[in-house]
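These notes are about the structure you will find just below.
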Amino acid sequence: MIQQADVAIIGGGIVGLCLARNLAIAGQDVLLLDEGRHGGANANAGSLHVQMQSRFLRMYPDLVPNLEASLPLYPAAARRWGTLAEELGADVELRQSGGLMVCEDATSYDFLARKCAREEELGLRVEMLDRAAVRRIAPYLGDAVVGAELCHDEGKLNPLLANQALSRDLRARGVPHRLKTWVERIERDGAALRLTLSDGGVVRAGRVVLAAGAGTGRLAAQIGGHVPTVAEPLHMNITESAAPLVKHLVQHAERMITLKQLASGQVVIGGGWPARFAGPDQAPTVRMDSLVQNLTLAQHIVPSVRELRLLRTWAGVNTTTDGQCVLGPLAAEPRVHIAVPGDAGYTLGPLVADMAAAILLGRDPGFPVARFTPDRFSRGASG
Ligand SMILES: Cc1cc2nc3c(=O)[nH]c(=O)nc-3n(C[C@H](O)[C@H](O)[C@H](O)COP(=O)(O)OP(=O)(O)OC[C@H]3O[C@@H](n4cnc5c(N)ncnc54)[C@H](O)[C@@H]3O)c2cc1C
């Protein structure tokens, strides 16, 4: 049987879920198709990131203009999570209790201080804290920490609750959401686009949005577009519950660690440690070396974490491009739109979905989006 829709969205991660909701609210006939197992939205840590990553600025100075240009999106995205939770009427354990980017030596403190000054200039609510000041607000940090940049807009939420609340909302709106459905092919079919599904099904849609995370590039290529999405398998850990201990989102200026405590009392530990990629149609698996190094670093930064037992460790696929969002129609086929968030894509997800919906509906996306066009990759430019 051929299923029809005005707009078919491929990918039911945070962007696809929010976009389907936006389009349904706008009265569009929308269909959401999702294979489901390999997305970042089901595996992520729920950190609301706003400040720039000190480490990336040092490692990739060429990307600084891109990162700075995208910076205004992040505080807006964190605020958007607040309004979305209200709209959903759901407690997603959203806490904007601030984020600390900690450092362990004078050189990285100075770098962080320059970053902080620049971010303040660009409108972020940030401040530098020396050793005594950081101890006052975060007594749980280890002695090695000599200072931190505090970003007031950062925070955390529980992605499992947020994803569930969005799925419930879509069901209540009657949006068809086909799970465990892999889209094999996208091709032109007269006035429509034709999607061939792995279960033998076919969808004909007037327009298609590729919100397929790391799978976006493969689908875009089938229709003549070039979107270089790269799958980045990452590792996460969660401990048993503990009494309130870590108030902030904690990150490190130079090393791979993010750490936060959920409302349940569990401490979520990650930071970009690699997992093992098992192929595009397989779930990634955990690497023991990542597990050991990640937890060793966590205990170094927050020593009382060593009292807690590790409950679970898992791997998920993140998506990278050039650090910026990819948004808008493909020049090769303008009926196919792309909706891929930039770095910290869960933070950006709801806002990116708002912008993607506005572009599709011919409305004002609220931010300058020209630099996010997918065509920048075909032109070979990233600016
Ligand atoms: C371990 C980990 C921790 C992270 N932590 C954070 C964090 O704390 N904060 C933060 O902001 N970001 C975090 N991220 C990044 C964030 O999760 C992603 O950027 C975000 O989920 C991207 O959302 P998305 O909707 O664009 O894509 P995804 O969530 O990747 O969803 C894409 C969906 O498309 C589906 N799909 C792909 N191809 C096809 C196809 N051909 N047919 C059907 N379906 C298809 C996939 O199965 C998937 O369900 C983390 C990522 C990982 C992996």
Kindly list the residues of the range 86-126 that lie in the label zone of Ala76, defined by a backbone N under 19 Å from the point 7 Å along the Cα-to-C-beta vector. 119-126
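Please work out the average accessible area per residue across the range 230-320, using the 1.4 Å probe convention, and give it in Å². Intermediate results must be reported in sequence, preceding the final value.
Details: 4050 Å² over 91 residues.
Accessible area per residue: 44 Å².
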Determine the principal axes of the Cα atoms in the range 1-153, then give the extent along each, sorted from largest to smallest and rounded to whole angstroms. 65, 37, 29
Just how many % of Cα pairs in the range 275-383 lie over 18 Å apart, if you round to the nearest whole percent? 64
What are the ³J(HN,Hα) values, in whole Hz, obtained from phi via the Karplus relation 6.51 cos²θ - 1.76 cosθ + 1.60 with θ = phi - 60°, for each residue of the range 129-138 in sequence order, with x given for Gly and Pro? 10, 7, 3, 5, 5, 6, 4, 4, 8, 9
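Based on the Cβ-Cβ distance from Ala331 to Ala117, what FRET efficiency comes out when R0 is 41 Å, to the nearest 0.05? Each step should come with its number before you reach the end.
On the way: r = 39 Å, r/R0 = 0.96.
My answer for the efficiency is 0.55.
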Under 5 Å, built H, 5+ apart or other chain: amide partners of His49: Thr347
Please work out the C-alpha center-to-center distance from the range 312-376 to the range 202-236 and express it in whole Å. 11
Partners for Lys115 among lysines (Cα-Cα distance below 24 Å; same-chain residues under 8 apart left out): Lys156, Lys247, Lys260
Within the range 20-53, what residues put their amide N at less than 19 Å from the label point 7 Å along the Cα-to-Cβ vector of Leu160? 36-48
Measuring from label point to label point, each 7 Å out along Cα→Cβ, what is the Ser264 to Glu68 span in nm? 4.2
Counting only DSSP loop positions in the range 239-318, the trypsin sites (Lys or Arg not before Pro) whose Cβ has at most 11 other Cβ atoms within 10 Å are Arg309
For the range 299-305, in order, what is each residue's ³J(HN,Hα) by Karplus, 6.51 cos²θ - 1.76 cosθ + 1.60 with θ = phi - 60°, in whole Hz (x at glycine and Pro)? 5, 5, 7, 10, x, 5, 4
In Å², nearest 10: area of Asp110 left accessible to a 1.4 Å probe: 80
Non-local amide H neighbours of Asp29 (under 5 Å, H modeled in plane, Pro and chain starts lacking H): which ones? Asp6, Val7
Helix-only [θ]222 nm of the chain, DSSP H runs n ≥ 4, -39500 (n - 2.57) each, per residue, nearest 500: -9500 deg cm²/dmol
For Gly328, list long-range residues whose amide hydrogen, built 1.01 Å from N in the peptide plane, is under 5 Å from its own amide hydrogen. Ile338
Distance (nanometres) between label positions extended 7 Å along Cα→Cβ at Ile25 and Leu361: 0.8
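Can you check what the Kirkwood hydrodynamic radius comes to for the chain, Cα pairs only, in Å to one decimal?
Numbers: mean 1/r = 0.0470 Å⁻¹.
Across the chain, the inverse of the average 1/r is 21.3 Å.
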Between Ser241 and Met59, how many nm apart are label points set 7 Å from Cα along the C-beta direction? 3.6
Build a GNM of the chain with springs between Cα atoms under 10 Å: which of Arg185, Arg55, Arg173 gets the top mean-square fluctuation? Arg173
Derived scalar couplings ³J(HN,Hα) [the range 157-167; Karplus, 6.51 cos²θ - 1.76 cosθ + 1.60; whole Hz; x for Gly, Pro]: 7, 9, x, 5, 5, 5, 5, 5, 4, 5, 4
Gain in length, Ala132 to Met288, computed as 0.36 nm per residue apart minus the alpha-carbon separation, to one decimal in nm? 52.6 nm
Accessible area of the chain with a 1.4 Å probe: how many percent of it is carbon plus sulfur? 53
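Quantify how much of the Cα-Cα distance distribution of the range 47-112 extends past 17 Å, in percent.
Working: 1186 of 2145 pairs.
That tail contains 55 percent of the Cα-Cα pairs.
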State, in angstrom, two size descriptors of the range 230-320 derived from its alpha carbons: Rg to one decimal place and Dmax to the nearest whole number. 13.2, 40
Using a Gaussian network model on the chain with a 10 Å cutoff between Cα atoms, which of Met256, Met59, Met101 fluctuates the most? Met59
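The values are calculated or read from the model by the stated rules, or taken from the named source; none is laboratory data. Everything numeric in this text was worked out from a predicted model, so none of it was measured. We place every Cβ from the backbone using ideal geometry, glycine too, and count neighbours over all the protein chains shown. With ligands, DNA and RNA removed, areas are computed over all heavy atoms of the protein, side chains included. Shrake-Rupley method; radii C 1.70, N 1.55, O 1.52, S 1.80 Å.
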